[in-house]
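Take a look at the structure below.
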Amino acid sequence: MRIVSLVGNRPQFVKAAPLCTALRAQGEEILVHSGQHYDPELADLFFDELGIPAPDHALEVGPGTPVHQIAMIMERFEHVVRDEGPDAVLVYGDTTTTLAGALVAAKRGIPLAHVEAGLRSFDKAMPEEQNRVVTDHLSAVLLCPTRQAVDNLTAEGITRGVHLVGDVMFDASRMFAPLAERRDAPVALGLDPGGYLLVTIHRAAATDTPGALDDMVAVLSSLGQPAVFPVHPRTRAALQAGGRWDALGQVPGLILAPPAGYLDFASLLMGARAVLTDSGGVQKEAYFHGVPCITLRDTTEWVETVAGGFNTLTGMDTARVREALAGVAMPAERPPYYGDGHAAEAIARAVVAELG
Ligand code: UDP
């Protein structure tokens, strides 16, 4: 079986690390990189650290609005799909790259497999929600990380081709934890293990309006304890353009760092007292590593972490963040919400069984 898989940004590289190996054990994989993330610290570093095979095709779409990127990826990806003639196209998650790949597969009549199918925030204003809903409705094989994801698809009338496989990010976390444990990323930044907060913020809702940027600065200025913030290029650009970057650099105890590689980031996460984030993947990784999570959004797709008391939704709201920080704790038992660490093999088997 011949599968063309499309990746394009940081969380997709992480998910591809275990899945490339599993897919190649079952058939032939042609890996395509859209170029949606083009900064070396968000892209090349991940291929190197995680041992992801070099892409067979690089679409190199580069910067632009989501609409521009979707159009560019679609046009270039169609050429690849036409030339490679795959049995299936596989896409990951909920990004611009995901949607563009799904539309090309649908228009060319090639069966589509979607990794991380069925997740919903029920917030249609979120670009990621738009991308994942459309992709799910075009997919022949829907690879769900959680029971909740299966239930969400059932509620939308999608029951064929649905597989509960577990979460590939859990596979990646287990695979790379021994390497991450050998890094001393907190110490390298002068932080005491267990005595600091880790922050990530990159979603459009937090960066794309002056009011949202003011809220972010207010939250980060109010933490009152050591914290490290590896700043996503999009967030940094928004803070710099709005003239807020220098003020943030003056906040006592707050370290503004470049985006970390996967291993250093995992090392920082493992040593953190708690993580504050608007990332989807980081919410789960906090759970994997037993670190309390404060999610700077009002919704999440990873509802089981909230229901289980591992994750608190605060929005970008100083008072709610302060309250959540005062009460951070980790329940002793962590149920296996995300499978057994072998989601990648389960995905490869499901794709071959459905489409091979
Ligand atoms: N990550 C990283 N370095 C950082 C911040 C995050 O390696 O400085 C990793 C993190 O461990 C996770 C992934 O990036 O595996 C999450 O990506 P992101 O937050 O960009 O996207 P989302 O998960 O929200 O789609």
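The values are calculated or read from the model by the stated rules, or taken from the named source; none is laboratory data. Note that this is a predicted model, so its numbers are computed, not measured. Quick reminder, even Gly has a Cβ in these numbers, built from the backbone with ideal geometry, and neighbours come from all protein chains shown. Calculation scope for accessible area: heavy atoms of the full protein, side chains included, ligands and nucleic acids excluded. Shrake-Rupley method; radii C 1.70, N 1.55, O 1.52, S 1.80 Å.
The phi torsions of the stretch 161-174, fed into the Karplus equation with coefficients 6.51, -1.76 and 1.60 and a -60° offset, translate into couplings of x, 8, 10, 8, 10, x, 10, 5, 5, 5, 4, 5, 4, 5 Hz, rounded to whole numbers, with Gly and Pro shown as x.
Taking Val81, Val187, Val14 as the candidate residues, the one with maximal mean-square fluctuation in a Gaussian network model of the chain, Cα springs under 10 Å, is Val187. In the assembled protein chains, Glu75 presents an accessible area of approximately 120 Å² (probe radius 1.4 Å). Database remark: amide H of Phe310 closer than 5 angstrom to no amide H (H placed geometrically; neighbours at sequence offset of 5 or more, or on other chains; Pro and chain starts carry no H). Work from the charge dipole of the stretch 251-356 (Cβ charges, +1 for Lys and Arg, -1 for Asp and Glu, about the Cα centre) and give the residue of Ala274, Gly339, Gly261 farthest towards its positive end. It is Ala274, whose Cα lies furthest towards the positive end. Averaging the sequence gap over all C-alpha pairs within less than 8 Å and six or more residues apart, then dividing by the number of residues, gives the chain a relative contact order of 17 percent. Taking Cα pairs under 8 Å and at least six residues apart, what relative contact order does the stretch 151-300 come out at, in percent? Taking the mean separation of contacting Cα pairs over the length of the stretch 151-300, I get 29 percent. Packing, taken as the mean count of other beta carbons within 10 Å per residue, orders the peptides 140-152, 54-66, 198-210 from highest to lowest as 140-152, 198-210, 54-66. Listed by chain and number, the lysines whose C-alpha is less than 21 Å from the C-alpha of Lys15, apart from same-chain residues fewer than 8 away, are Lys284. Counting protein heavy atoms only, the chain has 52 percent of its accessible area on carbon and sulfur, 1.4 angstrom probe. If Lys and Arg each add +1 and Asp and Glu each add -1, what is the summed charge of the other residues whose beta carbon sits under 12 Å from the beta carbon of Leu112? Its environment carries a net charge of -1. Overall form of the stretch 1-149: rounded. Here a/c, set by the Cα gyration tensor axes a ≥ b ≥ c, is under 1.5.
For the stretch 131-140, backbone phi angles converted through the Karplus equation (6.51, -1.76, 1.60; θ = phi - 60°) give residue-by-residue couplings of 5, 6, 5, 4, 4, 4, 6, 9, 8, 8 Hz, Gly and Pro being listed as x. If you take the square roots of the eigenvalues of the alpha-carbon gyration tensor of the stretch 1-74 and sort them as a ≥ b ≥ c, do you get rounded (a/c under 1.5), prolate (a/b over b/c) or oblate? Oblate shape, in that a/c is at least 1.5 and b/c is the bigger or equal ratio. Which distance in Å, rounded to a whole number, links the C-alpha centroids of the stretch 7-54 and the stretch 282-324? Measuring centre to centre over Cα atoms gives 27 Å.
Converting phi to 3J(HN,Hα) with the Karplus coefficients 6.51, -1.76 and 1.60 and the offset θ = phi - 60°, the stretch 58-64 yields 10, 7, 6, 6, x, x, x Hz in sequence order, with x at every glycine or proline. Measuring only protein heavy atoms, the 1.4 Å probe finds Asp83 accessible over about 110 Å².
Measuring with a 1.4 Å probe in the full set of protein chains, what accessible area per residue, in whole Å², belongs to the chain? Working shown, then result.
Details: 14110 Å² over 356 residues.
Ligands and nucleic acids excluded, the result is 40 Å² per residue.
Reported value for the stretch 1-43: 54 Å³ per residue, from the convex hull of its C-alpha atoms.
Taking square-rooted eigenvalues a ≥ b ≥ c of the alpha carbon gyration tensor, is the chain rounded, prolate or oblate, where a/c under 1.5 means rounded and, failing that, a/b exceeding b/c means prolate?
Note, shape of the chain comes out prolate.
About the centre of its Cα atoms, the chain shows a dipole size close to 260 debye [charges on the beta carbon of Lys, Arg (+1) and Asp, Glu (-1) only; nearest 20 debye]. Residue order by solvent-accessible surface for Trp245, Trp302 is Trp245, Trp302, largest first, with ligands and nucleic acids left out and a 1.4 Å probe.
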